[in-house]
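Enquirer: Let me begin by handing over the structure; questions about it come next.
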Amino acid sequence: MLTDALIYLAAAVIFVPIAQRFKLGAVLGYLIAGAAIGPWGLRFVSDVESIMHFSEFGVVLMLFVIGLELEPRRLIEMRKSVFGGGALQVGLTGLALALAAGAAGLGWKAALVVGLALALSSTAIAIATMNERNFLPTPTGQSSFALLLFQDIAAIPLLAVIPLLGAALVASGGAGAEEPGWMAAAKAIAAVVAVIIIGLYLTRPLLRLVARTNLREVFTAFALLLVIGIAQIMSLVGLSMGLGAFLAGVLLASSEYRHALETDIEPFKGLLLGLFFISVGMAIDFGLLVSQPAMLVMLLLGFLALKLATLWLTARLIGVTSRQRWLFAILLSQGGEFGFVVFAAARTVGVLSSEWAALLNMTIALSMATTPLLLLLHDWWMAHVECASGERTKADEIDEKEARVIIAGFGRFGQIIGRLLFANGINAVVLDHDPDQIEMLRKFGYKVFYGDAARIDLLHAAGAAQATLIVNAIDDIEDNLLLTDIVKENFPKLKMIARARNVTHFIELRARGVEIIERESFEAALKAGRHTLEMLGFERFRARDMANIFRRHNINAMESLIPVFKDEASRVSAVKIGRDELDALFARDREQFESEHSSKGWH
């Protein structure tokens, strides 16, 4: 195991940076790495099938994270794009490919399965490519995501219908299925219901218990247990593991633990997705490519031509701008991971022959490798067109769906800020690490997420790269300063408003370049002092002026301490000077006040 891990890591570290250097993209780098170390390359790895099965958990984790980003409310908002545009694309592409498969000599059952399976695209490659190009938040990226989402959903009935087709073949003397179709459908429905129950009623209480341990590794272990367990439930009944993980993610999208789950799973998702692409590269059968090159070239070119054409037509029908239609088509042009699963199931029940299954699997693998190349060709062509016409491509306007404000810490200080924002219709991503506090606040309708804000991965998940400002309201001084350092280093454009516990904390924040700082008790204590003066007989305007004088002097005194804060002797001297200045200032004010209002008897 350690030797295999060393080989995979070394291949990724060598080939992916080279691919990135030549602007081929990370996905193609992984595919090349897999081909290099696989059975048709250096032969460091021979058991490709077992590696592919293991690495499919990368796709599962990716779909879980996608589900976490998609609350049921947003899914409802996207229903037209998902179910309208998605059904249109799968229908158009599936029909065109099914007709082509029928013309190639396949029976109608096999042609139907092949057409619908090849209509599905690779969620892993499409999402990874869009993330590389920062394309996902754009309107065209969101349209692509909607279609990918429908494809993942459409995989359920497609996988469910294959045993029924196999059962039909049994009746006509063909290969048999192990169980009746109605029983498989019943098991599938039961599995989906079980996932919904787990996501809605069992997961949150368990997450709350685990969070109270304050052990990050235990929380990470539970997150992996949750995803793998749900994937296994779906796998046992013959359904897509990825779809079960996606459904679980959607059910937890409104949970306060959403960001913590996402950030804990992200590293495993990235590594396993890379391993999945490597396994696809290893699965490319160059022997088949040598023995039947003409057939494979015809299949690949025909498949890409039909899929690109139908995707371009779909893009036009769903309103994608003319400049982006070919990009949209290329992003979704490849075959998908579910194709391997569908063809294996179809071969098992006798719907598809082993020879055709091998050719189609090879076609999918090659199509995955062509996507980065087609994107490079598209970029070159667009640059050539723009240069010839003297025009510049106008970037898509990013449809910002995340909140512009992040509030780190939602105790007594952060709550006031949050309530003020919410009352004025301003959404905020709120981060807090107290499970009991979160549970109480959520009862009152606050959208609070569990997690330690002083973690760069959690800040990325909360949208720090796109947010306008962050309110640093963390109670603990060390964590407060740690968050400040992380934000200043990794998100220099993100503005900060910070909470200070005391003078030392204030100076530490100012020394780090934070401009807007509020001491949590200073203004309240100053206002109480004003009321004290008023109750002792001072006129209101006079009490206010005295408080303002004190505020200005206090702030100036602390600003003067910043350059000498690390030098104890200079700091003590500055404090004494500041105190003497304040005494002299108040003495003059007191003398002036007494001379003007001696009749009132205040001395």
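The values are calculated or read from the model by the stated rules, or taken from the named source; none is laboratory data. This one's a predicted model, so the numbers in the text were calculated from it and none came from an experiment. Cβ placement follows ideal geometry from the backbone for every residue including glycine, while neighbour counts extend to all protein chains displayed. Side chains included, ligands, DNA and RNA excluded: accessible areas come from the protein's heavy atoms. Shrake-Rupley method; radii C 1.70, N 1.55, O 1.52, S 1.80 Å.
Enquirer: For region 491-502, check the following and say yes or no: at least one residue is buried (at least 22 other Cβ atoms within 10 Å of the Cβ) and among the small types (G, A, S).
Expert: Applying the first criterion (buried (at least 22 other Cβ atoms within 10 Å of the Cβ)) to region 491-502 yields 496, 498-500.
Narrowing further to those that are among the small types (G, A, S): 498, 500.
Checked region 491-502: at least one residue is buried (at least 22 other Cβ atoms within 10 Å of the Cβ) and among the small types (G, A, S).
Enquirer: Within the bounds of region 75-91, is there any residue that is more than 22 Å from L311 (Cα to Cα), under 22 Å from the mean Cα position of the chain (by Cα) and in contact (Cβ under 8 Å) with a residue 60 or more places away in the chain?
Expert: Keep residues of region 75-91 that are more than 22 Å from L311 (Cα to Cα), which gives 75-77.
Adding the requirement that they be under 22 Å from the mean Cα position of the chain (by Cα) leaves 75-77.
With in contact (Cβ under 8 Å) with a residue 60 or more places away in the chain added as a condition, the list becomes 75.
The answer is yes; a qualifying residue exists.
Enquirer: Working carefully through the options T393, T363, find the one that is modelled with pLDDT of 75 or more and in contact with a helix residue (DSSP H, G or I) (Cβ under 8 Å, 6 or more places away or on another chain).
Expert: T363
Enquirer: Looking at (1) within 22 Å of L31 (Cβ to Cβ); (2) at pLDDT below 80; (3) open to solvent by 10 Å² or more (accessible area, probe 1.4 Å), can you tell me which one G302 breaks?
Expert: Here G302 meets the rest and fails (2).
Enquirer: Hey, any hits in region 24-47 for a residue that's out of contact with any helix residue (DSSP H, G or I) (no Cβ under 8 Å at 6 or more places or on another chain) and under 30 Å from F145 (Cβ atoms)?
Expert: no
Enquirer: Is it fair to say W326 is at pLDDT 90 or above and open to solvent by 20 Å² or more (accessible area, probe 1.4 Å)?
Expert: Numbers: at pLDDT 90 or above: yes; open to solvent by 20 Å² or more (accessible area, probe 1.4 Å): yes.
Criteria met by W326.
Enquirer: Of all the residues that make up region 198-238, how many are farther than 19 Å from L251 by Cβ and in a helix (DSSP H, G or I)? Lay out the reasoning, then the answer.
Expert: From region 198-238, those farther than 19 Å from L251 by Cβ are 212-218, 220-221, 236, 238; that's our starting set.
Now narrow it down to the ones that are in a helix (DSSP H, G or I): 216-218, 220-221, 236.
Final tally of qualifying residues: 6.
Enquirer: Also: Taking the condition among the hydrophobic types (A, V, I, L, M, F, W, C) and either over 16 Å from the mean Cα position of the chain (by Cα) or at pLDDT below 75 (or both), does A461 pass? Lay out the reasoning, then the answer.
Expert: Numbers: among the hydrophobic types (A, V, I, L, M, F, W, C): yes; either over 16 Å from the mean Cα position of the chain (by Cα) or at pLDDT below 75 (or both): no.
Considered against the rule, which asks whether it is among the hydrophobic types (A, V, I, L, M, F, W, C) and either over 16 Å from the mean Cα position of the chain (by Cα) or at pLDDT below 75 (or both), A461 comes out as no.
Enquirer: Which ones in region 467-484 are in a helix (DSSP H, G or I) and open to solvent by 60 Å² or more (accessible area, probe 1.4 Å)? Steps first, please.
Expert: Start the filter on region 467-484 by keeping residues that are in a helix (DSSP H, G or I), which leaves 477-484.
Result: E478, L482.
Enquirer: Further question on the same structure: Within region 29-54, can you find the residues that are part of a helix (DSSP H, G or I) and either open to solvent by 40 Å² or more (accessible area, probe 1.4 Å) or at pLDDT below 75 (or both)?
Expert: Keep residues of region 29-54 that are part of a helix (DSSP H, G or I), which gives 29-37, 48-54.
Within region 29-54, Y30, I32, V48, E49, S50, M52, H53, F54 meet the criteria.
Enquirer: Hey, any hits in region 87-104 for a residue that's part of a helix (DSSP H, G or I), touching a Ser or Thr at 6+ places or on another chain (Cβ under 9 Å) and at pLDDT below 90?
Expert: no
Enquirer: Can you name every residue in region 67-116 that is open to solvent by less than 10 Å² (accessible area, probe 1.4 Å) and of a type in the set (V, I, T)?
Expert: Hits for region 67-116 are V82, T93, V113, V114.
Enquirer: To continue, here is another question. Would you say T263 is over 27 Å from Y30 (Cα atoms) and open to solvent by less than 30 Å² (accessible area, probe 1.4 Å)? Lay out the reasoning, then the answer.
Expert: Working: over 27 Å from Y30 (Cα atoms): no; open to solvent by less than 30 Å² (accessible area, probe 1.4 Å): yes.
The answer is no for T263.
Enquirer: Moving on. Being open to solvent by less than 70 Å² (accessible area, probe 1.4 Å) and in contact (Cβ under 8 Å) with a residue 24 or more places away in the chain narrows it down to one of A454, A543, so name that one.
Expert: Within the list A454, A543, the selection yields A454.
Enquirer: Here is a follow-up. Here is a list: L112, L159, L118. Which entry is of a type in the set (A, V, I, L, M), at pLDDT below 75, more than 25 Å from the chain's Cα centre (by Cα) and assigned to a helix (DSSP H, G or I)? Step through it out loud before you land on a result.
Expert: Values: L112 fails: at pLDDT below 75; L118 fails: at pLDDT below 75.
Matching residue, one of L112, L159, L118: L159.
Enquirer: Out of curiosity, is E478 charged (D, E, K, R) and within 25 Å of L458 (Cα to Cα)?
Expert: Values: charged (D, E, K, R): yes; within 25 Å of L458 (Cα to Cα): yes.
It is true that E478 is charged (D, E, K, R) and within 25 Å of L458 (Cα to Cα).
Enquirer: Quick one: I197 ticks every box in (1) under 18 Å from H433 (Cα atoms); (2) free of Cβ contacts under 8 Å to residues at least 24 places away in the same chain; (3) open to solvent by 30 Å² or more (accessible area, probe 1.4 Å) except a single one, so which number is it?
Expert: For I197, the exception is condition (1).
Enquirer: Of everything in region 266-299 that's buried (at least 17 other Cβ atoms within 10 Å of the Cβ) and β-branched (V, I, T), which residue is nearest to F15 (Cα to Cα)?
Expert: By that ranking, first place goes to I278.
Enquirer: E518: assigned to a helix (DSSP H, G or I), more than 30 Å from G67 (Cβ to Cβ) and among the charged types (D, E, K, R), yes or no?
Expert: On the way: assigned to a helix (DSSP H, G or I): no; more than 30 Å from G67 (Cβ to Cβ): yes; among the charged types (D, E, K, R): yes.
Spelling it out, it is not the case that E518 is assigned to a helix (DSSP H, G or I), more than 30 Å from G67 (Cβ to Cβ) and among the charged types (D, E, K, R).
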